[in-house]
Amino acid sequence: MATKVSNFSDLIQRVAASCHDSSQNRHGDEEDENETESESEESEEQAKDEEDKEKYRVLYKMPFRIAQIRLVSSHPEVYEPCDDSFALVDALMADRNNLLEHQPTLCMEVGCGSGYIITSLALILGQEGPGSHYIATDINPHAVWITSETLAAHGVHAELINTDIALGLEKRLAGLVDVMVVNPPYVPTPEDEVGCEGIASAWAGGENGRSVIDKILPIADNLLSDKGWLYMVTLTANNPSEICLQMRERGYASRIVIQRSTEEESLHVIKFWQDLDAQEDAKQMATTNKTASARVMESVLSQFSLLSSWISNSSHSS
Amino acid sequence: MRLLTHNMLSSNIKGVSNGFPLRIEVEKVIEKHVDFNADFLRNMFPKIEWKAFVDAAKTIGYAELPEEADSSMLDSDEFLNKFHHALLELHLEEGGLVCPETGRRFPVSKGIPNMLLHEDEV
């Protein structure tokens, strides 16, 4: 009995630790799948213990896997999973039920780096349902190779192409991609560092960190299917509200899935999808030749300003 | 590289008007088992350029696909099995993809095509 109780309190401690939003914990370790089973003698207390255990299991145990850091391959010239990668995978996990319902046939990652994100997406979507095909690109030849190792270590597959964004795919893949994930090079740098060879291509984003993002957006618009979703990581310095307005002009609605501030940066993971209202607005904008109506501007900006006031409030209170 | 990917790639060198399909140069083809999923195949079928697919399969040594196909064939298990095998299980591991207009060769190494262009091709 004593051991059982200590097992249970261990469990509670583990649950409490995992509730603490420690990305290290969640992304680093596989949870122990085998909880100790109860012994044969049945008492009411024991049954209640079991019931509570089950409750915690249902509430907090992840019923699915993401990529494990220890199985992610690495190379000196390839960007390793970091806060931005974790934020994007957390956003995909947070949106998992929608993704499963979405039943994407083709999923794509632009700039796959270590392979952490595309591997996690393949694991999150799993083998159930009508099945998805994954394509990942990177301009860095080391990155696509490292990604193939990471995928293999997790027993999943994606087709890899060493190319610049989607060069070579733009004609035939147009309108076919149901889910696109992008953790772009978003760090503001001098313009001449953009597209340099090796690991610099993973972060050098030019002026306001927007050079590559602004190249990716029209390509994403071309590749996404009518029901296609785009998840993209942005930095506050990238002016995400302006990115949302630009996409609104292409007929996309947007939503912040995750906002996360670290010591160095404040990240948003934004989800974009084609939306009838947004398309109507885009048409009107085209005919009236205005960049964005006041209403649209307000609706897009509100989510960011609300959020920033919420962040400052919560940081004051804590 | 699966034939599905070959079916999605084209050459977009500056000045090329129709860079599809890329001609396959075979050095090594491998087979990898993939779980059969009829729903996926039915979803994928309308997105495939059939003639390019049949020709690509022949080039890498698989000649079992019908020359022409329409959606009524998706009810046949025999057809779906062949489609599945050619689309997903055959991989061009080493070789090249050649632009039909310019003859420019895009290398495929360890199953990964390199579609990057040189500065003067963009």
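The values are calculated or read from the model by the stated rules, or taken from the named source; none is laboratory data. Just so you know, these numbers come straight off a predicted model, no measurement behind them. Because the Cβ atoms are built from the backbone with ideal geometry, glycine has one as well, and the counts that use them run over all protein chains shown.
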If we keep just the residues of region A:76-91 that are part of a helix (DSSP H, G or I) and within 15 Å of A:PRO184 (Cα to Cα), which is farthest from the chain's Cα centre (by Cα)? A:ASP83
Just checking, does region A:178-187 include any residue being within 18 Å of the chain's Cα centre (by Cα), of a type in the set (Ser, Thr, Tyr) and more than 10 Å from chain B (Cβ to nearest Cβ)? yes
Hey, any hits in region B:48-68 for a residue that's more than 18 Å from B:ARG2 (Cβ to Cβ) and acidic (Asp, Glu)? yes
If you check A:PRO190 against the conditions, is it without any contact (Cβ under 8 Å) to a residue 60 or more places away in the chain and either in contact with an Asp or Glu (Cβ under 6 Å, 6 or more places away or on another chain) or not β-branched (Val, Ile, Thr) (or both)? yes
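Can you confirm whether B:SER17 is facing chain A (nearest Cβ under 9 Å) and not in a helix (DSSP H, G or I)? Quick ask: steps written out before the conclusion?
On the way: facing chain A (nearest Cβ under 9 Å): no; not in a helix (DSSP H, G or I): yes.
Here the answer is no, as B:SER17 does not meet what is asked.
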Could you pull out the residue among B:LEU92, B:LEU65, B:LEU97 that is in contact with a Phe, Trp or Tyr (Cβ under 8 Å, 6 or more places away or on another chain), in a strand (DSSP E or B) and crowded, with 16+ Cβ neighbours inside 10 Å? B:LEU97
Might you let me know whether region B:41-54 holds any residue that is more than 30 Å from A:GLN127 (Cβ to Cβ), modelled with pLDDT of 95 or more and part of a helix (DSSP H, G or I)? yes
Using beta carbons and a limit of 9 Å, which pairs, at least six apart or on different chains, have the first residue in region B:101-115 and touching a residue at least 60 places away in the same chain (Cβ under 8 Å) and within 15 Å of A:GLY168 (Cα to Cα) and the second one of a type in the set (Asp, Glu) and in a strand (DSSP E or B)? B:ARG105/B:GLU25; B:VAL108/B:GLU25; B:VAL108/B:GLU27; B:VAL108/B:GLU93; B:VAL108/B:GLU94; B:ILE112/A:GLU159
